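Undergrad: After the structure tokens below, expect a handful of questions from me.
The values are calculated or read from the model by the stated rules, or taken from the named source; none is laboratory data. Only a predicted model underlies this, so the values are computations on that prediction, with no experimental measurement involved. Glycine gets a Cβ as well: all are built from the backbone with ideal geometry, and neighbour counts include every protein chain shown. Surface accessibility is based on the protein's heavy atoms, side chains included, excluding ligands, DNA and RNA. Shrake-Rupley method; radii C 1.70, N 1.55, O 1.52, S 1.80 Å.
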Amino acid sequence: MCSAPLPADPGEDLPPSPSRAALGLEPGQLVYACFNRPDKFDPQRFDAWMAVLQAVPGSVLLLVVPQPASQRRLRERARACGVEPGRLIFVAKTPAAQFADLCRLADLFLDTARYGAGATGAMALQAGLPLLTCPAESFV
């Protein structure tokens, strides 16, 4: 399953794009993001992201994780890493027509390790969101 944003039906009314204020973000607050599917997350990379949050006071991590059980487990992992779970901001998967708006809420896309962003990363780059990734030997 590709995690690229869902295409919108041409006749469909789109929901309003999220805003920084609606997500509880302060002006100037540093927002990291990973818009990859949660099944691409691995414990080592997630722990590295938590170390980044610890090193950058007030920063947050924006994630597309629609499942409440997955959100709960990630919050628990953040707490175990010494990060306040409220610094994880969860958003719903957005239609492709609004994905660029979602990207504009973030300052840096943090890629996953074993399986990179692929189409999602390409769309984020097109929207102007810088992407930090690492070379790997696999791609899905």
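Undergrad: Scan the strands (runs of 3 or more DSSP E) fully inside segment 56-140 and keep the ones with 1 or more residues being touching a residue at least 24 places away in the same chain (Cβ under 8 Å) and small (Gly, Ala, Ser).
TA: none
Undergrad: Please determine, by comparing only the residues of segment 1-53 that are under 16 Å from Asp107 (Cα atoms) and among the small types (Gly, Ala, Ser), which one is modelled with the lowest pLDDT.
TA: Filtering first and then ranking leaves Ser19.
Undergrad: Could you grab me the full set of residues in segment 91-117 that are open to solvent by less than 40 Å² (accessible area, probe 1.4 Å) and within 24 Å of Arg73 (Cβ to Cβ)?
TA: Passing the criteria: Val91, Thr94, Leu102, Leu105, Ala106, Phe109, Leu110, Asp111, Thr112, Ala113, Gly116, Ala117.
Undergrad: Can you name the number of the only condition in (1) part of a loop (DSSP other than H, G, I, E, B); (2) open to solvent by 40 Å² or more (accessible area, probe 1.4 Å) that Asp47 fails?
TA: For Asp47, the exception is condition (1).
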